[in-house]
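A.B. asks: Below is a structure I'd like to ask you about.
The values are calculated or read from the model by the stated rules, or taken from the named source; none is laboratory data. Computed from a prediction, not measured in an experiment: that's the story for all the values here. As a convention, Cβ positions derive from the backbone with ideal geometry for all residues, glycine included, and neighbour counts pool all protein chains shown. Surface accessibility is based on the protein's heavy atoms, side chains included, excluding ligands, DNA and RNA. Shrake-Rupley method; radii C 1.70, N 1.55, O 1.52, S 1.80 Å.
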Amino acid sequence: LLVMHKVLTKGEEEIMQVLWKIGAGFLKDILEIIEEPKPHSNTIATLLKILVEKGFVTYEVIGRNNFYCPLVTKTAYGKKTLQQLVKGYFEGSPANLVSQFVQDEKISLEEMEALLKKLRTAKK
């Protein structure tokens with residue numbers, strides 16, 4: 001996997017979300033799917049250029065247009081982002097993250113029990 005020490009800005013992540021959703025596409029495809037308020041196509045083109053420079057996206061020239069394809073999967077980026085979140089805000093402890101969810105009532109007792117059941121099954 002590519003070096004993923006780089007973090008995406010909100011705008012870059014929005015473009016990546018579209019690319020992950022459609023698999024690959026031209027600028028017009030991304031512009032079509034991106035949420036309102038839609039940024040100007042020049043803004044999207046600039047963000048795509050940055051994503052290429054950061055190693056998150058590659059492209060192939062087809063005719064006079066670039067066909068963009070993600071180099072990093074959504075799952076890989078999500079895992080890396082979660083690891084950074086746990087390291088930076090929860091003393092490196094995933095248990096502290098889960099504890100915070102419980103404390104904030106973002107996870108129910110039923111969900112916790114289902115999670116424990118999955119963990120026990122995975123260990124066997």
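A.B. asks: Can you give the FRET efficiency for Gln84 and Lys10, using 1/(1 + (r/R0)^6), R0 = 25 Å, r = Cβ-Cβ distance, to the nearest 0.05?
C.D. replies: On the way: r = 16 Å, r/R0 = 0.63.
Rounded to the nearest 0.05, the efficiency is 0.95.
A.B. asks: If you don't mind, another one. Using only the alpha-carbon atoms of region 1-59 as identical scatterers, what base-10 log of I(q)/I(0) does the Debye formula give at q = 0.13, 0.23, 0.25, 0.31 Å⁻¹?
C.D. replies: Reported log10 I(q)/I(0), two decimals: -0.29, -0.93, -1.09, -1.62.
A.B. asks: Which order do the peptides 41-53, 89-101 come out in when sorted by mean C-beta neighbours inside 10 angstrom, highest first? Write down the numbers at each step before the final one.
C.D. replies: Working: 41-53: 15.7, 89-101: 12.5.
Descending mean neighbour count gives 41-53, 89-101.
A.B. asks: Turning to a different aspect of this structure: Pairs of Cα atoms under 8 Å, at least six residues apart: use those to get the relative contact order of region 1-57, whole percent.
C.D. replies: Numbers: 26 pairs, mean separation 23.1, N = 57.
Reported relative contact order: 41 percent.
A.B. asks: Same structure again: Which one, Pro94, Thr43, Tyr59, is farthest towards the positive end of the dipole of region 1-100 when Lys and Arg carry +1 and Asp and Glu -1 on their Cβ?
C.D. replies: Checking the options against the dipole of region 1-100, the answer is Pro94.
A.B. asks: While we're on this one: Relative to the Cα centre, what is the charge dipole magnitude of region 1-54, using +1 at the beta carbon of each Lys and Arg, -1 at the beta carbon of each Asp and Glu, and rounding to the nearest 20 debye?
C.D. replies: Details: 7 positive and 8 negative charges, 35 e Å.
Result for region 1-54 is approximately 180 debye, rounded to the nearest 20.
A.B. asks: Using Cα-Cα distances under 8 Å and only pairs 6 or more residues apart, what relative contact order does the chain have, in percent?
C.D. replies: Values: 88 pairs, mean separation 27.0, N = 124.
Computed over the chain, the figure is 22 percent.
A.B. asks: Could you give the Stokes-Einstein D for the chain in µm² per second, using the C-alpha Kirkwood radius, 4 °C, 1.567 mPa s?
C.D. replies: Values: Rh = 16.9 Å.
D, rounded to a whole number, is 77 µm²/s.
A.B. asks: Then there is this: How large, in percent, is the carbon and sulfur part of the accessible surface of region 1-79 at a probe radius of 1.4 Å? Kindly include the intermediate steps, with their values, before the conclusion.
C.D. replies: Working: 2830 of 4980 Å².
Solvent-exposed carbon and sulfur of region 1-79 make up 57 percent of the total.
A.B. asks: Now a separate question. With r defined as the distance between the Cβ atoms of Asp29 and Thr73 and R0 fixed at 22 Å, what FRET efficiency is calculated, to the nearest 0.05?
C.D. replies: Working: r = 19 Å, r/R0 = 0.86.
Calculated transfer efficiency: 0.70.
A.B. asks: Right, something else. Taking a threshold of 22 Å on the Cα-Cα distance, which of the pairs Lys10/Lys118; Lys10/Lys74; Lys6/Lys87; Lys10/Lys87; Lys21/Lys54 fall above it?
C.D. replies: Values: Lys10/Lys118 33 Å; Lys10/Lys74 15 Å; Lys6/Lys87 15 Å; Lys10/Lys87 20 Å; Lys21/Lys54 20 Å.
Lys10/Lys118, as the Cα separations exceed 22 Å there.
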